[in-house]
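Below: the structure, in structure tokens.
Just so you know, all these numbers are worked out from the coordinates, no wet-lab data involved. A quick note: this is a predicted structure, and the numbers were derived from the prediction, not measured. Every residue, glycine among them, receives a Cβ derived from its backbone with ideal geometry; neighbour counts consider all protein chains shown.
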Amino acid sequence: MTELWSNERTDLVTMGSRYLRRLARHLGPDGGVVERQLPFVGVFMVALLTLLIPGVNVVSQSDIVIAALLTTGQLLAARYLPWARWPEGRQDILPMVQLLAVAFLRIGTGGPGSAYTTLVFFPVITLASQRDRRGIVLAALGVAGVVLSPVLLTSNVELTVDTGVRTLFVTLVAVVVAATVHEITARLRARSNALLSLQMDQAVLLDRARADAASLARVADQRRAARDALVSVIDSATEQAIIATDATGLVEVFNAGAERLLGYGQGEVVGRLRLTDFHDRDELEARRTLLFADDSPIDHPQTLVDALVAPAVAGRPEVRDWTYVTRDGTRLTVRLAVTRRFEADGTTTGYVVVASDVTSEREAARLQDEFVSLVSHELRTPLTSVLGYLELLTDGTDPLTDEQREYLTVIERNARRQLRLVGDLLLSAQVDAGRFSIAPQAIDLADVVHAAVDAAKPVADAAGVTLAVTARATPLNGDPVRLGQAVDNLVSNAIKFTPSGGTVWVGVTSRGEQGAEGADVIVSDTGIGIPPDELSHLTTRFFRASTATRRAIPGVGLGLSITKAVVDAHGGSLSITSTVGEGTAFTITLPATPPG
């Protein structure tokens, strides 16, 4: 029952507050000021009605009229004066007028014995609810004045001890009430400000959420458009087989190129076959054995998928040759690229495979290898024989005339030049055929550089070129023969393109502590230089710089292409800087260990 009464009382208070707010809004732009005066005015009107009850002590009707006029005047002032334009402290005048009205009402209804003194707490509460503490002081002074009003405004009441004690006590109560109201109001105001701040933050977050929702919608539209475009591209690709699978290798996308290559229809494959069903089984078994040894069940089809996509899962997408078996049993050599699809958290969602038929290309490469072998036998063998017989003639017992010995020297020089050219051609053919390989081992790069410089020293002395070297011990893994060939090419080129009196400098610098991050080989010269627009073509086979051709400097343009192949095989890089008329610098950057 108590709870029901409490709820009904709360509803009544809420309803009354709602009606008061509505009334204040109808009272104009300063309706809030009027609203604060309404409780006092309402109770004051009730007090005036009680004066009509017989037996109520009315001492001075004129004082009651003054009190009524003061109350009416302060209400009209609250309604019509432009309080919003003035400082907030100006509104303290209204509750002070209310206190004055209570004082006159008290005098007109019996003075010290008036029952209407408690009306002072309405203006006290109004004053105490202001932002600063001046309202408490004004409330205390105003209450003291109301209690002492019979003494101050009339001549028939004298100040006694009882009046003084009553004044002090009522004033003290008013101060306590005012302080309490002020503190509660300050807390409520702070909470209101906090709530307002939260509402503003909420509005900002709501705006951001709406903006994010709009952005997400745009991104979704863009992704949808990108997906449609990608599907269109995949469907239009007829020269490459594009196959997409889920995480288990089950085919989800099978484009027209895959249909043409393998002979299957899309409906026969999607959701039915795995990626590995197109591969030569023996190749997959060999890959699985290499990667997983005996750690996986042999008959489980998922292990074959895992073996095929293992490099892509490890983060190094692999491009290599595999054998596909078509629907009619034809075996094709395909160049296969496998890429992993994954979510933002790293979870694998599937794989994308792009396959190109390279059967004819690999057959051409095989024929090229046969041709290279034929050239090796038919050119190198006769040249080696010629050089051998030249050596026998030169070292023979029969004395040779100077003229004969000069003829033989010319023959030997050209034969060796021809042998070097054949070697370069063979090596270049190996690079093109993809059969170029290195045999890395632990070496000291400084030894390789010193050997190249020592071999080139006689040529440099004959050309009048100063050859300098700066190379400390730099251990790393590499192929000493191939690296020596690369450095030989750079040093011989530098000497060839440097006029007499110039300088060629060769240096080795290690990266990291004791070459832990690799090393750099630098070959710089003070030669004729290379035009900037030709630098990117220097490592192309048979390309020669215009500065070399104008000066008729001999060469066929294979040295730098071979050097580039050697550096690439070691996982390094070759950079070139040059200024025409000032010189050129080649920098070989090598890792500590070539890639596996």
Amide H of residue 469: which non-local residues (sequence gap of 5 or more, or other chain) have their own amide H closer than 5 Å, using H built in the peptide plane? 506
Distant-in-sequence amide H partners of residue 318 (H built 1.01 Å from N, under 5 Å): 312, 338
Per 10 Å bin, what is the whole-percent P(r) computed from every C-alpha pair distance within region 237-357? 14, 47, 33, 6, 0
R0 of 51 Å, Cβ-Cβ distance residue 451-residue 229: FRET efficiency to nearest 0.05: 0.35
Could you give each residue of region 44-51 its phi-based ³J(HN,Hα) in whole Hz, using Karplus coefficients 6.51, -1.76, 1.60 with θ = phi - 60°, and x for Gly or Pro? 4, 4, 4, 4, 5, 5, 5, 5
Starting from the Cα gyration tensor of region 182-228, multiply each eigenvalue by 5, take the square root, and state the resulting semi-axes largest first in whole Å. 44, 5, 4
If the chain between residue 575 and residue 339 were fully stretched, how many nm would it gain, using 0.36 nm times the residue separation less the Cα-Cα distance? 81.9 nm
Can you list the residues of region 103-132 with backbone N under 19 Å from a point 7 Å past the Cα of residue 61, pointing along Cα to Cβ? 104-111
Can you tell me the FRET efficiency between residue 84 and residue 53 if r is taken as the Cβ-Cβ distance and R0 is 45 Å, rounded to the nearest 0.05? 0.65
5 Å is the cut-off here: which amide hydrogens, built 1.01 Å from N in the peptide plane, fall below it relative to residue 519, excluding neighbours closer than 5 in sequence? 511, 590
To the nearest 0.05, what FRET efficiency results for residue 318 and residue 404 with a Förster distance of 51 Å applied to their C-beta separation? 0.25
Label zone at residue 593 (point 7 Å along Cα-to-Cβ), backbone N below 20 Å, region 313-342: 314-317
Among 47-54, 474-481, the order from most to least packed when residues are scored by Cβ within 10 Å on average: 474-481, 47-54
Can you run phi through the Karplus equation (6.51, -1.76, 1.60; θ = phi - 60°) for region 345-353 and list ³J(HN,Hα) in whole Hz, with x for Gly and Pro? 7, x, 5, 6, 10, x, 9, 10, 10
For residue 46 and residue 193 in the same chain, what is the full-extension length gain: residue separation times 0.36 nm, less their Cα-Cα distance, in nm? 49.3 nm
In the neighbourhood of residue 114 defined by beta carbon distances under 13 Å, the net charge of the other residues (Lys, Arg +1; Asp, Glu -1) is +1
Distance between region 466-480 and region 261-276 - C-alpha centres, whole angstrom: 56 Å
Would you kindly state how much longer the chain becomes between residue 202 and residue 442 on full extension, computed as 0.36 nm times their sequence separation minus their alpha carbon distance, in nm to one decimal? 79.7 nm
